[in-house]
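> Below you'll find the structure I mean.
Please treat every number below as a calculation from the coordinates, not as lab data. Everything numeric here is computed off the predicted structure, so don't read it as measured data. Heads up, the Cβs are rebuilt from the backbone with ideal geometry, glycines too, and the neighbour counts pull from every protein chain shown.
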């Protein structure tokens, strides 16, 4: 395939990836519980109650983290030039997806316990109605911006293609 700019292809040719992120441990209720423990203040200097809970929960937290990224069961969120996908496993088996023109607003909803992990849930809306959600997205502002930009680009190209088709 010849490309004018390496890595860039027309959206009509095939689906290409813009961004991939793996959900935080805070996507689970256990992770959110741990996050609430880790956020506890109190104590002296770096010996806070939260830091003590971090040390004590290592046997739970490490397997919980590894479960999220294991090749067979690990989940990832992928933004492409056409969809936002939830994929599982090494092969990236599609679990669910939303088209880039199927939402008009994305809300960041931070649950208790997600602050410590710097993550939040992304909730996608279409005409004030919730249509899709992604739990435990790390650094959610950046991922939301990527989704919004991909959506604007997709809608723009779709409009241009529709105009060209109607003119022909």
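> Using only the alpha-carbon atoms, how far is helix 58-69 inclined from the longest principal axis of the chain? Give it as 0 to 90 degrees, nearest 10.
10 degrees
> Which residue fluctuates most in the GNM of the chain (Cα springs below 10 Å): 128, 87, 141?
Of 128, 87, 141, the most mobile in the Gaussian network model is 128.
> Return 145, 75 ranked ascending by Cβ neighbour count within 10 Å, so the fewest neighbours appear first.
Values: 145 12, 75 19.
So the ranking, lowest neighbour count to highest, is 145, 75.
> Looking at the square roots a ≥ b ≥ c of the eigenvalues of the Cα gyration tensor of the range 25-121, which shape do they give, rounded for a/c under 1.5, prolate if a/b is larger than b/c, or oblate? Walk me through the intermediate numbers first.
Details: a/c = 3.98, a/b = 1.79, b/c = 2.22.
Oblate shape, in that a/c is at least 1.5 and b/c is the bigger or equal ratio.
> Let me ask something else. Springs between alpha-carbon atoms under 10 Å, Gaussian network over the chain: tell me which of 68, 81, 51 tops the mean-square fluctuations.
51
> Report the calculated FRET efficiency for residue 69 and residue 159 (r = Cβ-Cβ distance, R0 = 25 Å), to the nearest 0.05.
My answer for the efficiency is 0.05.
> Taking a spot 7 Å from the Cα of residue 96 along the direction of its beta carbon, which residues of the range 17-32 have an amide N less than 16 Å from it?
Only 23-24, 27-29 fall inside the zone, counting backbone N under 16 Å.
> Give me 77, 125, 154 ranked fewest to most by other Cβ atoms within 10 Å of their Cβ, as a rough exposure proxy. Mind showing how you got there, number by number?
Values: 77 21, 125 15, 154 18.
Ascending number of Cβ neighbours within 10 Å: 125, 154, 77.
> Using the beta-carbon distance between residue 60 and residue 16 and R0 = 30 Å, what value does 1/(1 + (r/R0)^6) give for FRET efficiency, to the nearest 0.05?
On the way: r = 38 Å, r/R0 = 1.27.
After rounding, the FRET efficiency stands at 0.20.
> A further question on this structure: For n ≥ 4 DSSP H runs only, could you compute -39500 (n - 2.57) per run for the chain, divide by its residues and tell me the 222 nm figure to the nearest 500? Please list the in-between numbers first.
On the way: 4 runs with 58 residues, N = 168.
Computed ellipticity for the chain at 222 nm equals -11000 deg cm²/dmol.
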